[in-house]
Amino acid sequence: MHHVGTQKLETPRLVLRRLLPEDAPAMYRNWASNPAVTRWLRWEPHKSLAETCALLTAWSVLYQNPDYYQWAIEVKATGEVIGAISLTVSCCAEPEAAKAWEARGADLSQGIWEPGYCIGQPWWNQGYTTEALQAVTDYWFVRAEGCWLACCHAVENPASGAVMRHAGFVYDHDAVYHRFDGTPVDCHVYRLTRAEWTAHKRKELL
Ligand SMILES: CC(C)(COP(=O)(O)OP(=O)(O)OC[C@H]1O[C@@H](n2cnc3c(N)ncnc32)[C@H](O)[C@@H]1OP(=O)(O)O)[C@@H](O)C(=O)NCCC(=O)NCCS
C-alpha cells in the first residue's frame with residue numbers, strides 16, 4: 001500500500017481533479033443542494049452556498065494528506081463540474097461491517113476502503129459515474145497499490161449497484177448501514193479484490 005493522494009486523472013469524457021473552494025457554486029447548484037441526489041447518501045442536502053463553501057475550504061486542507069482521495073468529476077466537453085467521487089474508510093468502517101469482512105477473511109490491516117460517488121440529476125444514466133469509478137479503481141490498484149475495495153448501496157438505489165458491477169465489483173453480502181442521523185438503511189455490499197479487478201480489465205480488453 002502506497003498512498004499517493006488525489007492526483008489528476010483523465011478518462012475519454014472526464015477530468016477527475018481536486019475540488020477547489022471556487023467549485024462551490026457548481027457543487028451547490030449541480031448536486032449538493034438536491035434532495036434527490038442525497039436521498040441514499042449519509043448526508044443531508046446543503047441548505048446554503050455558504051455550507052458548500054465551508055466544506056470545500058475544509059477539504060482544501062485535507063488534500064495535504066496522502067491518504068485523502070476526493071475528486072471533482074468535470075465534463076471535458078463543457079468544463080462543468082457535475083459531481084464528486086472519493087475513496088474513504090467511512091461507511092464500511094461501522095463495527096458490524098468490519099466484523100462481516102473479518103468473518104470472510106478479508107485483509108483489514110489497511111482499513112476498509114470504499115469508493116463513494118454522486119453526480120447531479122441532469123447527468124444521470126449517461127455512463128459518467130461508471131467511467132469515473134473505473135478510473136478511480138485503476139488508480140487504487142495501480143498507483144496506490146491497494147489490495148481490495150468494498151462498496152455498498154441502498155437496496156432501493158439499484159443504479160448504484162449497476163455502476164459497481166460495470167466497474168467489476170462483485171456482490172458479497174447484505175448489511176444494514178446508518179445515515180449520520182442514525183437512520184438504518186438496508187444495503188447490498190460489494191467487493192473488488194485485486195484478482196477480480198485484473199480479471200475485469202482482461203475481459204474489457206477482449
Ligand atoms: C447512482 C448514481 C451515482 C449513478 O450515476 P450515473 O452516472 O447515472 O451511472 P451510470 O450512467 O454510469 O450507470 C447507471 C446504471 O444504472 C442503471 N439504472 C438507472 N436507474 C436504475 C434503476 N432504477 N434500476 C436499476 N438500474 C438502474 C442504468 O441503466 C445504468 O446501467 P446500464 O449502463 O447497464 O444501463 C447517480 O444516480 C447518483 O449520483 N445518484 C445520487 C447519489 C447516489 O445514490 N450515490 C451512490 C450512493 S451508494
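Each reported figure results from applying straightforward, stated rules to the coordinates on display, with no laboratory input. All figures in this text were calculated on a predicted structure; none of them were measured in a lab. Positions of Cβ are generated from backbone atoms using ideal geometry, with glycine treated the same way; all protein chains shown enter the neighbour counts.
List of remarks:
- Cα gyration tensor shape for the range 1-69, rounded if a/c is under 1.5, else prolate or oblate: prolate
- Here the Gaussian network model covers the chain, with springs between Cα atoms less than 10 Å apart; of ARG39, ARG104, ARG194, ARG104 fluctuates the most.
- Cα lying deepest toward the dipole's positive end in the range 44-140, options CYS53, VAL136, ALA98, charges on Cβ: CYS53
- Cα shape, the chain, gyration tensor, a/c 1.5 rule: rounded
- Excluding same-chain neighbours fewer than eight residues apart, the lysines reachable from LYS203 by a Cα-Cα span under 28 Å are LYS8, LYS76.
- Residue of LEU133, LEU55, LEU41 that the Gaussian network model of the chain assigns the largest fluctuation, springs spanning Cα pairs under 10 Å: LEU55
- Full extension of the segment from SER60 to ASP181, taken as 0.36 nm per residue of separation minus the current Cα-Cα distance, would add 41.0 nm.
- By DSSP, the beta bridges lying fully in the chain are antiparallel in about 100 percent of cases.
- The mean sequence distance of close C-alpha pairs (under 8 Å, at least 6 residues apart), as a share of the length of the chain, puts its relative contact order at 20 percent.
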